[in-house]
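What follows is one structure encoded as structure tokens, with my remarks underneath.
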Amino acid sequence: MSSKKDWPLWEVFIRSRQGMSHKHAGSLHAADAEMAITNARDVYTRRQEGASIWVVPSDQITASTPEDKEMMFDPANDKIYRHPTFYNLPDELEHM
Amino acid sequence: MERQELFNYIIKWADHSLILGQRLGEWCGHGPALEEDIALTNISLDLIGQARSLLTYAGEVEGKGRDEDQLAFFRDVRDFKNPLLAELPNGHFGDTVVRQFFSDHFLFLAYEAMMEQSSDEQLKAIAAKSIKEVAYHRKHSSDWIVRLGDGTEESQAKIQQSVDDIWEFTGELFTMDDNDRLALEAGVGIDVSLLRDAWLKNVQTVFEAATINMPDAEAWMQQGGKQGLHTEYLGYILAEMQHIPRAYPNAQW
């Protein structure tokens, strides 16, 4: 598997047949974007999972840092009023 | 068309996919990268799936109660009618890619012709299902031909050598034997000799993008597989593929 040092890493996002949005499926190695798409097809859509594929170079993703976790996410803990569970949604409203 | 002749015709297509699929399956766990390992075995499984449909249909046509397993596991070398190309060893990755590339471009044209021209509803249906798979196989192998040909000096030299080595096994794909002619006259079969020009053109287009020299189309070509006269390799493939069902007949999963 010497390719791991030659081929860059890509993040794969798959939109399922029923799904509304692309979801992160995993990552893989490929020489370029075109190969990343075909590799993603072969690795992540073998069991009819997919209707659409996005690939993104992993090094193009900017992530929040774990050290900022408390500052970033804990303040939302006691603000349950932000959840929509207190409202009655009409039946016509799908995909909430 | 007589039953036996139709059976013989279907078996040729079945064996092409079966033997090539079995060969590709040898890459399982040995691919050059995990992603490519999975791609090769996906293609292998597609081909074996095509072979299963064709073998099942051949068994029905024959009417002797033989199912796909009996046809795959209990026939001997001379009964297999795949083109020699399908049984060639995997060699290095470039050899496998070239073998697959030649076969993919052929099967795509053949299934296309079968869908449009065959009067046999079952063959048409199998071709229609298979061509979607083969379209992807063809893209996969063509992409690799260009990557390796238009790659490094070393990959270019290797893939050119693979092309030159395997080229003599491509002519057989387009030969018409007596059984092929009977099938054509009956409206069931296709004229594979008519696919050759399109195949040469498609192959050349990819070779140009890959900076690979096109071998001489009029070169001497190997043949015999469609008549059951095989290379020494097929016996070893069958030994591996058949030894479990032969040691334990009627074994179930």
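The values are calculated or read from the model by the stated rules, or taken from the named source; none is laboratory data. Here the structure is a predicted model, which is why all the values come from computation and not from measurement. Methodologically, a virtual Cβ is constructed for each residue, glycine included, from the backbone with ideal geometry; neighbour enumeration extends over all protein chains shown.
Does B:ILE48 qualify as being over 18 Å from B:LYS139 (Cβ atoms), of a type in the set (Val, Ile, Thr) and surrounded by fewer than 24 Cβ atoms within 10 Å (Cβ to Cβ)?
Yes.
Could you please tell me which pairs satisfy a Cβ distance under 9 Å, a separation of 6+ or placement on different chains, a first residue in segment B:10-25 that is at positive phi, and a second residue that is surrounded by fewer than 24 Cβ atoms within 10 Å (Cβ to Cβ) and not in a helix (DSSP H, G or I)?
If the second residue must be surrounded by fewer than 24 Cβ atoms within 10 Å (Cβ to Cβ) and not in a helix (DSSP H, G or I), no pairs are left.
Does any residue of segment B:114-125 turn out to be under 22 Å from B:ALA39 (Cα atoms), more than 14 Å from chain A (Cβ to nearest Cβ), under 16 Å from the mean Cα position of the chain (by Cα) and modelled with pLDDT of 95 or more?
Checking segment B:114-125: not a single residue is under 22 Å from B:ALA39 (Cα atoms), more than 14 Å from chain A (Cβ to nearest Cβ), under 16 Å from the mean Cα position of the chain (by Cα) and modelled with pLDDT of 95 or more.
Taking the condition of being assigned to a helix (DSSP H, G or I) and either under 14 Å from A:THR38 (Cα atoms) or within 13 Å of chain A (Cβ to nearest Cβ) (or both), how many residues in segment B:25-37 meet it? I'd like the intermediate steps shown before the answer.
Step one: list which residues in segment B:25-37 are assigned to a helix (DSSP H, G or I), which gives B:25, B:34-37.
Applying the additional criterion that residues be either under 14 Å from A:THR38 (Cα atoms) or within 13 Å of chain A (Cβ to nearest Cβ) (or both) yields B:34-37.
Summing the residues that are assigned to a helix (DSSP H, G or I) and either under 14 Å from A:THR38 (Cα atoms) or within 13 Å of chain A (Cβ to nearest Cβ) (or both) in segment B:25-37 gives 4.
What do you reckon, is B:ALA86 surrounded by 21 or more Cβ atoms within 10 Å (Cβ to Cβ), without any contact (Cβ under 8 Å) to a residue 60 or more places away in the chain and under 29 Å from B:MET176 (Cβ atoms)?
Working: surrounded by 21 or more Cβ atoms within 10 Å (Cβ to Cβ): yes; without any contact (Cβ under 8 Å) to a residue 60 or more places away in the chain: no; under 29 Å from B:MET176 (Cβ atoms): yes.
No, not satisfied.
Select from segment B:136-150 the residues that are of a type in the set (D, E, K, R) and more than 9 Å from chain A (Cβ to nearest Cβ) and write down the one among them that is surrounded by the fewest Cβ atoms within 10 Å (Cβ to Cβ). I'd like the intermediate steps shown before the answer.
Of all residues in segment B:136-150, those of a type in the set (D, E, K, R) come to B:138-139, B:143, B:147, B:150.
Applying the additional criterion that residues be more than 9 Å from chain A (Cβ to nearest Cβ) yields B:138, B:150.
Values: B:ARG138: 22, B:ASP150: 14.
Among those residues, the one meeting the criterion is B:ASP150.
Go through (1) surrounded by 10 or more Cβ atoms within 10 Å (Cβ to Cβ); (2) farther than 30 Å from A:HIS29 by Cβ; (3) among the aromatic types (Phe, Trp, Tyr) for A:TYR81 and report which single condition fails.
Every condition holds for A:TYR81 apart from (1).
Spot the failing condition for B:ARG181; the list is (1) more than 13 Å from chain A (Cβ to nearest Cβ); (2) buried (at least 21 other Cβ atoms within 10 Å of the Cβ), and only one is missed.
Tallying (1) more than 13 Å from chain A (Cβ to nearest Cβ); (2) buried (at least 21 other Cβ atoms within 10 Å of the Cβ), B:ARG181 fails exactly one: (2).
Name the single residue that is surrounded by the most Cβ atoms within 10 Å (Cβ to Cβ) among those in segment B:167-178 being in contact with a Leu (Cβ under 8 Å, 6 or more places away or on another chain) and of a type in the set (Phe, Trp, Tyr). Step through it out loud before you land on a result.
Step one: of segment B:167-178, the residues in contact with a Leu (Cβ under 8 Å, 6 or more places away or on another chain) are B:169-170, B:172-174, B:176.
Next, only the ones that are of a type in the set (Phe, Trp, Tyr) stay: B:169, B:174.
Details: B:PHE169: 22, B:PHE174: 20.
That would be B:PHE169.
Quick one: B:ALA51 ticks every box in (1) in a helix (DSSP H, G or I); (2) of a type outside the set (Ser, Thr, Tyr); (3) farther than 23 Å from B:GLU232 by Cβ except a single one, so which number is it?
For B:ALA51, the exception is condition (3).
Confirm whether A:GLY26 is modelled with pLDDT under 90, more than 27 Å from B:GLY151 (Cα to Cα) and surrounded by 10 or more Cβ atoms within 10 Å (Cβ to Cβ).
no
Here is a yes/no grid of residues against (1) of a type outside the set (A, V, I, L, M, F, W, C); (2) within 23 Å of B:VAL134 (Cβ to Cβ); (3) touching a Phe, Trp or Tyr at 6+ places or on another chain (Cβ under 9 Å):
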position	(1), (2), (3)
B:SER53	yes, yes, no
B:TYR57	yes, yes, no
B:GLY65	yes, no, no
B:ASP69	yes, no, no
B:ARG75	yes, no, no
B:ARG78	yes, no, no
B:PRO83	yes, yes, yes
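Take segment A:10-56 and flag every residue that is outside any loop (DSSP other than H, G, I, E, B), more than 24 Å from B:GLU133 (Cβ to Cβ) and either of a type in the set (Asp, Glu) or more than 11 Å from chain B (Cβ to nearest Cβ) (or both).
Once the filter is applied, which keeps residues that are outside any loop (DSSP other than H, G, I, E, B), more than 24 Å from B:GLU133 (Cβ to Cβ) and either of a type in the set (Asp, Glu) or more than 11 Å from chain B (Cβ to nearest Cβ) (or both), segment A:10-56 yields A:GLU11, A:PHE13, A:LYS23, A:HIS24, A:VAL56.
If you go through segment B:1-24 one residue at a time, how many are touching a Gly at 6+ places or on another chain (Cβ under 9 Å) and in a loop (DSSP other than H, G, I, E, B)?
1
Just name the residue that is nearest to B:GLY228 (Cα to Cα) out of those in segment B:12-30 that are among the small types (Gly, Ala, Ser) and within 10 Å of the chain's Cα centre (by Cα).
The extreme case among them is B:ALA14.
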